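Peer 1: Have a look at this one.
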Amino acid sequence: MNLLAAPIVIPLLLATLALLGMRSHRWQQALAVGGAALLVLVSFRLLFRVREEGALALQVGNWPAPFGITLAADLLGAIMVVLSSVTGLAIALYSVGARETARERFGYYPLVLLLLMGVNGAFLTGDVFNLYVCFEVMLMASFVLLALGGEKPQIEGGVKYVALNFFSSALFLAAAGLLYGAVGTLNMADLAVKIPAAEDGGLLTAIGLLFLAAFGIKAAIFPLFFWLPASYHTPPPAVSALFAGLLTKVGVYALIRFFTMLFPLEASFTQPLMMWLAALTMITGVLGAAAQHEFRRVLSFHIVSQIGYMIMGLALFTPLALAGSIFYIMHHIIVKTNLFLVSGVVHYLRGTGELKELGGFYRARPWLAILFLVPAMSLAGLPPLSGFFAKLALVVAGLREAAWALVASALAVSLLTLYSMTKIWGEVFWKADPTPNAEAAMEPARYRMLVWPIVLLAAVTVAIGFSAGPMFALAVDAAGQLANPSAYIRAVLGTAP
Amino acid sequence: MELLMAIVIGFLYAAGVFLMQRRNMVKFLVGLALLSHGANLLIFTAGGFTRGSPPIIPEDADVAPILHADPLPQALILTAIVISFAVLAFALILFLRAYQTTGTDDLHDLRSTDT
C-alpha cells in the first residue's frame, strides 16, 4: 500500500473490521491497539521518507493534479501524522484500561479509529475541498464520541460543540467556494502558484479572513473559543484527552498551512490582526484557567492559552518563529494529552475532579504525582523539558522582531501557567486528603493499564526535551518547506513553479 | 442571474444568522440548515453560470465544447449537501436528547457545563 494513503486507509479498514465484531470487546480492543501501533510504525516510516526524499505526492485514482484529488506530505504533514499516531496509541491503550464497557458496546473503538482517519486525512490532503471532507469525518466521529453515553453534561456540552463546529464548517465551505470562484482551482499546490499571480487582492484577503474565522473556531482562538471549555470536560477522560491533544491542533495546522503557503502573512492586512489574536488568546485562556477549580476545566482553558503561542509563531512569520510554532505543536500534543490522562486516573479513583474534594495523592500514589509533574512543568516551560525550548524559540523570535508586547504577554502567561499547574499540584497531590479513604477500589492490573500510556507520553516529553537540538532542526526544515513550497509544488504538479 | 442569486444567498445567510440567535433549539437548527443552503448556492454562483452546455464531449468531437458548464462546483455541492444532511440529522437527534434530558428547549438554560 502506498505510504501516503496508509495512514488514512488503515484506520478505515480497522474501523470496519471492528464494527463487524461489535459484540466482542476483546476483538475491538485488539484491533484498536494493534491498529494504532501499526499507524505509529507507518507514520514514522513516512516521516523518514519525507525527510530523505522531500515532499511526496499521490494522485488518487490517477487523475493528474490539479484535476483529481491529491494526497501530499511535506515535513509538517508527516510530523503531524506521527504525533496523531502516537496520541492514538496512548489513547487506545488507556481506553482498554478505562473499561467503559457500555460505551464500547456502541462503537467506541471504531469511532476512535475513524477520528484518527479524519485527522490523518486532514494532515495529508493536498486539496482544500478534501480538507473540508476530512474535517467533517473527524468532526462527525468527535460529535458521536462526545455524546456517547448520554449523560446530562455530555449532551449539554455536545449541543454547544456541535452547533459551533457546524457553523464553522459552513464558513469553511463558503470560503472554499469563493476561493474556487476567484482562482479557479482548489488544489493547494496549484493555489500556491496562482494566488500570488491573481489580481483581485482585496477579494483574496476577504476570503483569507473567512478561512481565519472558520479555522479559528476549530482551533479555539480568541474570541471564538467558548465552545471548548464548555464541552471538553464532559466526556470520559480518554475522549477528553484525544480531543485535547488532536482536534484543536488540526485547526492550528490548517491555519499554518493556509497562511504560509496560500495567503502568506508577510506584510499583509492579516498579520497585525493575527498578533492581536495570539496575545488575546494566550491571556484570556490563562486567566480563564486561573478562575477554575475543577481539574479538567483548568486544563481545558490551558488548551486555549497554548493555542495562542502557536498562533504567535505564525503571526511573527519569521523562519525561526514558524519553526517555534511547529516545535510548540510537537510538544503540546504530547503534553496536553498526558495531563488529561492523569486527570482521568484521578477521576476514576475518586469519582470527581473538584480540586477542593481531592488531596493526598502524593502520599498515596507518589509515582502518579511524579508522572503529573513531568507534563505539568513541561507545559509551564521549565527546562530541560520540551515546553522550555518551544517557548524559548518563540520568545527569541519575538525579540528579534521587536514585538515587545507579544513577548511580554507570552512570558507573563507562562508564569500564570506555572501558577495554575502549582495550584493543581498543591490541591490534588500535596495537601492532606479532605476525605480520607474515599478512593474507589481499583485492581492493580487496571491501574497499571491506565498508567502505562502516561509513562509512554511522559517519556516522549522528556525525550523531546533532551533531543531538542535535532527536533528543532526538524521543525526548522518543516518551516523552511512552508516558506518556500517549491518542492511541494513540484511533487504535486510535476513541474517547477 | 448573478444579482438575483446574490440577493437570495444574502437573504439565506441573514435569515440563518437571525434564527441562530434565537433561544429556541428548533429555530437554531433551522438557521443552521438555511446557512448551509446559502453556502451551497454560494459555491454554485461563484463557479459561474453557463447555460445549455453540459460538460459532455459530443460523439463527433474529441474535446468538450469550449464554453461548457464547470462540473466541479456541482460535484462539490453534491458532496457538501450529503455531509450537511448527515450532520443536521445527527444534530436533530442530539437536540432531541438534550430536550429530553434537560426538559427545556431554551438554549439559555443549558448552562450547567459553562464556566
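The values are calculated or read from the model by the stated rules, or taken from the named source; none is laboratory data. Computed from a predicted structure; not experimentally measured. All Cβ positions, even for glycine, are placed from backbone atoms using ideal geometry, and neighbour counts span all protein chains on display.
Peer 1: Mind checking which residues of segment A:1-44 are aromatic (Phe, Trp, Tyr) and either within 21 Å of A:Leu75 (Cα to Cα) or part of a loop (DSSP other than H, G, I, E, B) (or both)?
Peer 2: Correct list: A:Phe44 only.
Peer 1: Quick check on this structure: which one of A:Leu287, A:Leu277, A:Leu299 is surrounded by fewer than 21 Cβ atoms within 10 Å (Cβ to Cβ) and touching a residue at least 12 places away in the same chain (Cβ under 8 Å)?
Peer 2: Unique residue meeting the criteria: A:Leu287.
Peer 1: In segment B:65-106, what residues are within 24 Å of the chain's Cα centre (by Cα), more than 23 Å from A:Val159 (Cβ to Cβ) and not in a helix (DSSP H, G or I)?
Peer 2: Scanning segment B:65-106 gives B:Ala69, B:Asp70.
Peer 1: Quick one: A:Ser305 ticks every box in (1) surrounded by fewer than 24 Cβ atoms within 10 Å (Cβ to Cβ); (2) in contact (Cβ under 8 Å) with a residue 40 or more places away in the chain bar one, so which box is it?
Peer 2: For A:Ser305, the exception is condition (1).
Peer 1: Residue by residue through segment A:219-238, note down the ones that are away from every other protein chain (no Cβ under 14 Å) and touching a helix residue (DSSP H, G or I) at 6+ places or on another chain (Cβ under 7 Å).
Peer 2: A:Ala219, A:Ile221, A:Phe222, A:Leu224, A:Pro236, A:Pro237, A:Ala238, listed by residue number.
Peer 1: Quick check on this structure: which one of A:Leu277, A:Leu246, A:Leu287, A:Leu242 is more than 14 Å from every other protein chain (Cβ to nearest Cβ), closer than 20 Å to A:Leu406 by Cα and either part of a helix (DSSP H, G or I) or modelled with pLDDT of 95 or more (or both)?
Peer 2: A:Leu277
Peer 1: Another one. So which pairs qualify, if the first residue must be in segment A:175-194 and assigned to a helix (DSSP H, G or I), the second must be polar (S, T, N, Q), the Cβ gap must be under 7 Å, and the two must be at least 6 apart or on different chains?
Peer 2: A:Leu191/A:Thr185; A:Lys194/A:Thr185
Peer 1: Okay, next question. If you take the residues of segment A:342-399 that are among the hydroxyl-bearing types (Ser, Thr, Tyr) and under 26 Å from A:Ala479 (Cβ atoms), which of them is modelled with the lowest pLDDT?
Peer 2: My answer is A:Ser386.
Peer 1: Then there is this: Give segment A:166-178 a look and list any residue that's more than 8 Å from chain B (Cβ to nearest Cβ) and crowded, with 23+ Cβ neighbours inside 10 Å, or say none.
Peer 2: Across segment A:166-178, the qualifying residues are A:Phe172, A:Ala175.
So that you can scan it fast, the table gives a plain yes or no per residue for (1) surrounded by 13 or more Cβ atoms within 10 Å (Cβ to Cβ); (2) under 22 Å from A:Val86 (Cα atoms); (3) free of Cβ contacts under 8 Å to residues at least 24 places away in the same chain:
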residue: A:Pro366; (1), (2), (3): no, no, yes
residue: A:Ala402; (1), (2), (3): no, no, yes
residue: A:Phe429; (1), (2), (3): yes, no, no
residue: A:Pro453; (1), (2), (3): yes, yes, no
residue: A:Leu457; (1), (2), (3): yes, yes, no
residue: A:Val460; (1), (2), (3): yes, yes, no
residue: A:Ala463; (1), (2), (3): yes, yes, yes
residue: A:Ala468; (1), (2), (3): yes, yes, no
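Peer 1: Right, something else. Any chance you could count how many residues in segment A:61-74 are modelled with pLDDT of 85 or more and within 15 Å of A:Val133 (Cβ to Cβ)?
Peer 2: 3
Peer 1: Condition first: exposed (fewer than 12 other Cβ atoms within 10 Å of the Cβ), part of a helix (DSSP H, G or I) and within 13 Å of chain A (Cβ to nearest Cβ). Can you find one or more residues in segment B:11-29 that meet it?
Peer 2: Within segment B:11-29, none of the residues are exposed (fewer than 12 other Cβ atoms within 10 Å of the Cβ), part of a helix (DSSP H, G or I) and within 13 Å of chain A (Cβ to nearest Cβ).
Peer 1: When you go through (1) in contact (Cβ under 8 Å) with a residue 60 or more places away in the chain; (2) farther than 30 Å from A:Leu89 by Cβ; (3) over 19 Å from the mean Cα position of the chain (by Cα); (4) not in a loop (DSSP other than H, G, I, E, B) one by one for A:Met261, which number turns out not to apply?
Peer 2: Of everything listed in (1) in contact (Cβ under 8 Å) with a residue 60 or more places away in the chain; (2) farther than 30 Å from A:Leu89 by Cβ; (3) over 19 Å from the mean Cα position of the chain (by Cα); (4) not in a loop (DSSP other than H, G, I, E, B), A:Met261 misses just condition (2).
Peer 1: Between B:Thr45, B:Thr113, which is of a type in the set (Val, Ile, Thr) and part of a helix (DSSP H, G or I)?
Peer 2: Answer to the selection: B:Thr45.
Peer 1: Just to be sure I understand, how many residues within segment B:69-100 are more than 9 Å from chain A (Cβ to nearest Cβ), farther than 30 Å from B:Pro55 by Cα and in contact (Cβ under 8 Å) with a residue 12 or more places away in the chain?
Peer 2: Of the residues in segment B:69-100, 2 are more than 9 Å from chain A (Cβ to nearest Cβ), farther than 30 Å from B:Pro55 by Cα and in contact (Cβ under 8 Å) with a residue 12 or more places away in the chain.
Peer 1: Does at least one position in segment A:371-385 carry a residue that is surrounded by fewer than 17 Cβ atoms within 10 Å (Cβ to Cβ) and part of a helix (DSSP H, G or I)?
Peer 2: Looking for residues that are surrounded by fewer than 17 Cβ atoms within 10 Å (Cβ to Cβ) and part of a helix (DSSP H, G or I), one finds none in segment A:371-385, hence no.
Peer 1: Considering every residue within segment A:18-25, establish whether at least one is within 17 Å of A:Leu116 (Cα to Cα) and either at pLDDT 95 or above or in contact with a helix residue (DSSP H, G or I) (Cβ under 8 Å, 6 or more places away or on another chain) (or both).
Peer 2: Looking through segment A:18-25, at least one residue is within 17 Å of A:Leu116 (Cα to Cα) and either at pLDDT 95 or above or in contact with a helix residue (DSSP H, G or I) (Cβ under 8 Å, 6 or more places away or on another chain) (or both).
Peer 1: Can you tell me which residue among A:Phe135, A:Phe211, A:Phe215 is surrounded by 21 or more Cβ atoms within 10 Å (Cβ to Cβ), assigned to a helix (DSSP H, G or I) and within 11 Å of chain B (Cβ to nearest Cβ)?
Peer 2: Every option except A:Phe135 fails the conditions.
Peer 1: Report, by residue number, each residue of segment B:101-112 that is more than 9 Å from chain A (Cβ to nearest Cβ) and without any contact (Cβ under 8 Å) to a residue 60 or more places away in the chain.
Peer 2: B:Gly103, B:Thr104, B:Asp109
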